[in-house]
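To keep things clear, I will list the structure first and then write my remarks on it.
The values are calculated or read from the model by the stated rules, or taken from the named source; none is laboratory data. Keep in mind that what you see is a predicted model, and the values were worked out from it rather than measured. Neighbour counts are summed over all protein chains in view; Cβ atoms, including those assigned to glycine, are modelled from backbone coordinates with ideal geometry. For the accessible areas, the whole protein counts, side chains as well, though only heavy atoms, and no ligand, DNA or RNA atoms are used. Shrake-Rupley method; radii C 1.70, N 1.55, O 1.52, S 1.80 Å.
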Amino acid sequence: MEMLRTHHCGELTKGDLGKRATLAGWVRFYRDHGGVLFYDIADSHGSTQAVFDPVATNSEDLDRLEKVLNNIGREYVITVTGVVRDRVEGTTDARNPTGEIEVLIEDAKVLNRSKPIPFEVAEQKNSMLPGEDLRLKYRYLDLRRREMGSNLRFRSKLISCARRYLETQGFIEVETPMLTRSSREGARDFLVPSRNMPGQFYALPQSPQLYKQMLMVGGVERYYQVARCFRDEDSRADRQPEFTQLDMEMSFVEMEDILSMVEGMYAYVWKEMFDEHLPTPFPRIELKDSLARYGTDAPDVRFGLEMEEVTDLVKDAPYEIFQRVLSKGGMVTCIDLKGSLIKEQDTDGSVGRKQVDRLIDWAKSQGMGGLTWMRMTPDGLSSNIVKYFPEEVRQAIVERTDAQPGDLLLYLAGPRETVLRAGGQLRLKLAKDLGLLEGKGHQFVWLVSCPLFQKDPATGGLTSFHHPFVRPVGDVIPEGKDCANGMGHSYDLVFDGSEIGSGSMRNHDPEMQRKVFGILGMDEATMQKEFDFLLEALEFGAPPHGGVGMGVDRLCAMLLGCESIRDVIAFPKNKKFQSLVDGAPTKVEEAKLSELQLLCLADEDD
RNA sequence: GCCCCGGUAGUGUAGCGGCCUAUCAUGAAGCCCUGUCGAGGCUUCGACUCGGGUUCAAAUCCCGACCGGGGCGCCA
């Protein structure tokens with residue numbers, strides 16, 4: 001093995017009895033029994049018990065050894081040498097793979113000492129995890145914790161599997177620049193001043209999007225990259241200013257080729273990582289259906305509780321609340337909460353009224369006026385308001401929702417967008433409250449059939465639904481005002497209700513790309529100013545191409561059940577984008593600014 | 001920019017107007033202990049984020065700042 005050790009701390013077992021071994025690692029726990037000393041020595045592979053026994057130990061210099069051992073503290077880095085031996089009967093530790101043996105210390109050396117640690121590195125009975133700011137400040141200690149170490153290993157393995165698959169499929173990894181051209185499009189850029197070109201700036205890449213398209217023009221055909229991306233927008237639990245995408249692009253393909261390539265990759269990853277068969281192809285859902293049934297463009301389809309619009313059925317029922325909503329152009333949707341899912345039930349097997357009241361309060365907190373409900377009984381629908389709904393309307397509702405006796409029908413009524421959003425939230429809330437996700441596996445789904453454009457409520461103009469490079473379906477954008485109805489060859493990969501990937505076919509025809517830019521409100525001069533290089537590249541024989549970018553941080557965090565992607569990133573930033581471990585960002589010397597021809601306008605307060 | 005939640009020994013917590021010179025655990029320092037393993041026993045150390053205010057009395061209530069987290073906006 002290495003020079004400092006003969007074995008690592010997770011490998012010695014009964015098969016090694018009698019061997020002389022040298023271990024190196026951190027002292028995680030030590031126990032002094034008044035002469036007999038125990039040390040749990042841990043490295044990245046595990047931990048092994050080393051014991052010093054003044055009676056049994058055979059050492060060249062017992063006094064010196066005792067002196068060394070008695071001055072060892074927690075998290076000291078030491079090596080110990082000794083013979084692997086059986087533990088005394090009845091003192092084995094079944095929880096530890098090395099728990100049947102111990103190393104009888106003959107020699108020990110302190111490689112480095114450690115100050116008292118600011119928080120526990122060892123696993124604790126109750127969660128004694130400190131606040132996250134402390135974990136980030138001492139990230140190197142946090143990473144020493146077993147959980148964080150295994151998170152990093154998981155991530156590494158996942159990326160490694162993806163790489164292996166893509167390499168076998170003929171992809172090559174190409175690195176694209178980190179110092180790139182700033183653009184008005186998209187998120188806020190991180191800017192880097194140019195020293196050689198004073199007054200000019202690079203931007204850190206928000207994604208390798210345009211570079212990978214130019215790689216396609218360059219004949220690469222199958223590109224991938226584990227790419228760092230930068231966006232200077234405010235953070236969330238699943239958002240960091242710098243994050244990692246598994247980025248891919250392919251030439252001479254159509255959308256189906258890309259989707260099945262991605263599916264194949266995940267199937268391979270699942271097989272390698274979990275030894276599980278991942279069913280492919282992934283289900284697909286159209287954007288408009290997703291919005292109508294799940295109230296979101298990132299649906300979690302692992303449980304039912306889908307919304308059914310009933311606007312058409314109740315439009316003539318003299319129920320004032322619905323009438324008021326409908327007269328303003330609103331909608332009514334319904335969720336059938338199956339009786340079998342309901343936990344808090346009245347003695348007659350129906351939902352507790354208290355539970356319904358809590359849901360009504362919750363609906364109000366979501367910006368809804370309230371929530372209308374009906375119980376399904378063997379005699380039909382029942383509630384305080386069914387009298388406003390003629391028998392044939394009730395019948396139609398039951399048919400559409402397939403309500404069975406014991407079910408509870410929940411109605412949301414209001415402006416379309418509000419209703420769908422609240423309905424989506426209601427689904428998630430019910431699933432959480434009722435534990436519907438317990439024991440559920442994971443589920444990929446493709447979100448497809450998205451428009452090219454959407455209205456910008458601020459300006460009234462059109463903006464890209466995804467980005468301006470999406471190739472229109474059928475290479476056609478309706479003319480004139482109808483262009484807003486144009487559909488794009490784009491797709492999102494949704495995993496358990498979170499968007500973890502997004503991609504599209506790209507415009508390889510420069511005229512089509514110009515047309516899209518034009519619809520987005522750019523005149524020829526602006527196009528030239530912002531995207532001349534792209535348009536020109538497309539004019540030199542750009543092949544049909546498309547691809548996808550997938551969020552590595554988010555996928556890892558979800559697979560590991562982490563609440564935040566920070567737990568799968570070695571050195572993440574806090575909510576204010578500070579790196580607590582090294583204190584970035586900092587002020588810089590005046591001289592450095594001068595060299596860049598920069599003047600700092602921020603207040604000098606210290 | 002806005003909204004919500006939180007801030008008590010190194011760490012995690014209890015306390016939520018007077019029982020607080022503040023609980024418990026862990027840690028650190030020291031002592032005891034020859035088979036533990038999240039060892040055990042004894043001793044010691046160590047904290048109410050800051051600034052105003054209300055009150056006879058504030059860790060506790062109010063206001064503001066600061067710090068941290070979650071969210072909205074933002075993220076083509």
Return P(r) of segment A:207-311 (all Cα-Cα pairs; 10 Å bins starting at 0; whole %; ordered from short to long distances). 12, 25, 38, 21, 4, 0
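Figure the gain on full extension for A:R184 and A:K529 (residue separation times 0.36 nm, minus the Cα-Cα span) and round it to one decimal in nm.
Values: separation 345, 0.36 × 345 = 124.20 nm, distance 1.07 nm.
That works out to 123.1 nm of additional length.
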Surpassing 32 Å at the alpha-carbon level, of the pairs A:K387/A:K429; A:K387/A:K455; A:K212/A:K592; A:K432/A:K573, are A:K387/A:K455; A:K212/A:K592
For segment A:384-477, build the charge dipole from Cβ charges (+1 Lys, Arg; -1 Asp, Glu) around the Cα centre, then report which of A:P415, A:A458, A:N384 sits farthest towards its positive end. A:A458
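Classify segment A:383-468 as rounded, prolate or oblate, taking a ≥ b ≥ c as the square roots of the eigenvalues of its Cα gyration tensor: rounded when a/c is under 1.5, otherwise prolate if a/b is larger than b/c and oblate if not.
Details: a/c = 2.53, a/b = 1.48, b/c = 1.71.
Oblate is the answer for segment A:383-468, as a/c is 1.5 or above yet b/c matches or exceeds a/b.
What translational diffusion coefficient, to the nearest whole µm²/s, does segment A:443-542 have by Stokes-Einstein, given a Kirkwood radius computed over alpha-carbon pairs, a temperature of 37 °C and 0.692 mPa s viscosity? Write down the numbers at each step before the final one.
Working: Rh = 14.3 Å.
Diffusion coefficient, whole number: 229 µm²/s.
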Kindly work out what percent of the DSSP beta bridges joining two residues of chain A are antiparallel, to the nearest 5. 95 percent
Expected field for A:T168, accessible surface area in Å² at 1.4 Å probe radius, rounded to 10, holds 100 Å²
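Note down the relative contact order for chain A as a percent, whole number, built from C-alpha pairs under 8 angstrom at least six residues apart.
Numbers: 1093 pairs, mean separation 76.8, N = 606.
It rounds to 13 percent for chain A.
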Going by amide H atoms built from the backbone, whose H comes under 5 Å of the H on A:L598, apart from near neighbours? none
To the nearest 10 square angstrom, what accessible area does A:K67 show with a 1.4 Å probe? 140 Å²
Could you point to the residue in A:T168, A:V217, A:L313 farthest towards the positive end of chain A's charge dipole, with +1 and -1 charges on the Cβ of Lys/Arg and Asp/Glu respectively? A:L313
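Based on Cβ point charges of +1 for Lys and Arg and -1 for Asp and Glu, what charge dipole magnitude is obtained for segment A:294-428 about its Cα centre, in debye rounded to the nearest 20?
Details: 17 positive and 21 negative charges, 98 e Å.
The dipole magnitude comes to about 460 debye.
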Mind listing P(r) for chain A? All alpha-carbon pairs, 10 Å bins, whole percents. 3, 12, 18, 19, 19, 15, 9, 5, 1, 0
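Treat every Asp and Glu Cβ in segment A:14-112 as -1 and every Lys and Arg Cβ as +1, leave all other atoms uncharged, and give the resulting dipole magnitude about the Cα centre to the nearest 20 debye. Walk me through the numbers before you get to the answer.
Details: 12 positive and 17 negative charges, 45 e Å.
In debye, rounded to 20, segment A:14-112 gives about 220.
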Taking the convex hull of the Cα atoms, report for segment A:303-433 its projected area averaged over all directions, in nm². 7.2 nm²
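For segment A:106-206, what class follows from the C-alpha gyration tensor (a ≥ b ≥ c being the square roots of its eigenvalues): rounded when a/c is under 1.5, otherwise prolate if a/b is larger than b/c, else oblate?
Values: a/c = 2.40, a/b = 1.64, b/c = 1.47.
Prolate shape, in that a/c is at least 1.5 and a/b is the bigger ratio.
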Inter-label distance for A:D509 and A:E589, nm, one decimal - labels placed 7 Å from Cα along Cα-to-Cβ: 5.8 nm
Where the centre of each part is set by its Cα atoms, how far does segment A:308-326 sit from segment A:133-201, in angstrom? 51 Å
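Over segment A:14-112, what is the mean sequence separation of C-alpha contacts under 8 Å (at least six apart), divided by residue count, expressed as relative contact order in percent?
Working: 205 pairs, mean separation 34.3, N = 99.
That works out to 35 percent.
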Residue among A:G561, A:Q597, A:L534 farthest towards the positive dipole end of segment A:530-606, charges placed on Cβ: A:G561
Name the shape class, rounded, prolate or oblate, that the alpha-carbon gyration tensor gives for segment A:269-370, where a ≥ b ≥ c are the square roots of its eigenvalues, rounded holds for a/c under 1.5, and otherwise prolate holds if a/b is larger than b/c and oblate otherwise. oblate
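Where the only charges are on Cβ atoms (+1 Lys, Arg; -1 Asp, Glu), what is the dipole of chain A about its Cα centre, to the nearest 20 debye?
Values: 75 positive and 96 negative charges, 197 e Å.
That gives a dipole near 940 debye.
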If each of A:D482 and A:R164 carries a label point 7 Å out from its Cα toward its Cβ, how far apart are those two points in nm? 5.2 nm
Any chance you could run the full-extension gain for A:D289 through A:S340? It's 0.36 nm times the residue separation minus the Cα-Cα distance, nm to one decimal. 15.8 nm
If the viscosity is 0.692 mPa s and the temperature 37 °C, what Stokes-Einstein diffusion coefficient in µm²/s follows for segment A:14-112 when Rh is the Kirkwood radius over Cα pairs? 246 µm²/s
What is the sum of charges, Lys and Arg at +1 and Asp and Glu at -1, for the other residues whose Cβ falls under 9 Å from the Cβ of A:L104? -2
Quick one: how many Å² of A:W373 are accessible to a 1.4 Å probe, rounded to 10? 20 Å²
Using 7 Å Cα-to-Cβ label points, what is the A:D53/A:K429 separation (nm, one decimal)? 6.4 nm
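Using R₀ = 41 Å, calculate the FRET efficiency as 1/(1 + (r/R₀)^6) where r is the Cβ-Cβ separation of A:E233 and A:A94; round to 0.05.
Working: r = 50 Å, r/R0 = 1.21.
Step by step, r from the Cβ atoms, then E = 0.25.
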On a straight-distance basis, which lysines could pair with A:K67 in a cross-link, Cα separation under 20 angstrom, same-chain partners fewer than 8 positions away excluded? A:K109, A:K115
